[in-house]
1. Order of 58, 244, 257 from fewest to most other C-beta atoms within 10 Å?
2. Would you calculate the convex hull of the Cα atoms in region 10-98 and tell me its volume per residue in Å³?
3. For residue 256, what is the net charge nearby, where nearby means another residue's Cβ is under 14 Å from its Cβ and Lys, Arg count +1, Asp, Glu -1?
4. Quick one: if you stick a label point 7 Å off each Cα along the C-beta vector at residue 118 and residue 130, how many nm between them?
5. 7 Å from Cα along Cα→Cβ at both residue 220 and residue 16: what's the point-to-point distance in nm?
6. Could you state the per residue volume, in Å³, of the convex hull enclosing the Cα atoms of region 182-273?
7. Using +1 at the Cβ of each Lys and Arg and -1 at the Cβ of each Asp and Glu in region 2-172, identify which of 61, 123, 164 lies farthest towards the dipole's positive end.
8. About the Cα centre of region 182-273, how large is the charge dipole given +1 on each Lys and Arg Cβ and -1 on each Asp and Glu Cβ? Please answer in debye to the nearest 20.
Amino acid sequence: MAQLEHIEAIEKRLWSAADTLRANSNFAANEFFMPVMGLIFLRHAYSRYLAVKDEVVKSLPSRGGKTRALVKEDFSTKGAVFLRPEAQFDYLVGLPDSANRAEAIIRAMESIEADYESLRGVLPKEEYNELDNEILGQLLRKLNPEELKKMSGDVFGRIYEYFPTQFAGTKAHDGGEFFTPVSLVSFIAKVLETDSGIVLDPACGSGGMFVQSARVVERQNQNPSEKLTFYGMEKNATTIRLAKMNLAVHGLEGDIKKATSRRRSPTTKTRTNWSARPIS
């Protein structure tokens, strides 16, 4: 209980720090949304990368005394993203003030997109050129507190889920339409108990149903990438980017399309937009 309260305090402090930095920038809340979520994505991806790296390295085959280099497939089976050195959060945090942090973050995003076709053109990049170098440095440091590194479990996963909640509260993105509370989505996934097959969410929002369904499989000591196939639709292009980021950071992939299909009822002759009521 004490650790849970401590995590909640950290979440609030990180959000407050990010919101204060937004106030000191030229960005409105809806403009600050994607750059911050991009950095949260990088930090969460790094946390998951570190959590499995030692295990991955131990299992690498060696030949003639040489061990082959790490590749993305080594991490996909562990529910994590492979990160090249330039995309690892500690590298970005450690950049000197003289470095162009926006360029470094863009290179980090590009290196991930180069390895993951499903993320090409999805991760935020150009937005960082609009942020002051000092503010970017403060954001990177604020999202990397020492106390988080000492905690066990997927602590930063909680924080990754917490930030969209807060952005939804500030109506930073279409009145918060992309987000339904994690507790509700988790409850639905547990009731459905999807342990294999196709998960279709015709109004997938930020992809919470996919992630929570994967967790149901993980609790059965199974690999969700092998047991589940994800398909989703969403009407908002930015929300689709969020959903793809959410899947990727959990080592998952899915086919998420822009919702354009409508149907005409034979009785009422009204049109129904399938993405009008997002689940997650």
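Taken together, the values in this text are just the output of simple stated rules run on the coordinates, not laboratory data. Because the structure is a prediction, the values reported are computed rather than measured. Neighbour counts run over all protein chains shown; Cβ positions are idealised from the backbone, glycine included.
1. By the 10 Å Cβ count, ascending: 58, 257, 244.
2. Normalising the Cα hull of region 10-98 by residue number yields 136 Å³.
3. +1
4. The modelled label-to-label distance comes out at 2.8 nm.
5. Going by the 7 Å Cα→Cβ label model, 4.3 nm.
6. 108
7. 61
8. Values: 14 positive and 8 negative charges, 144 e Å.
Using Cβ point charges on Lys, Arg, Asp and Glu, region 182-273 gives about 700 debye.
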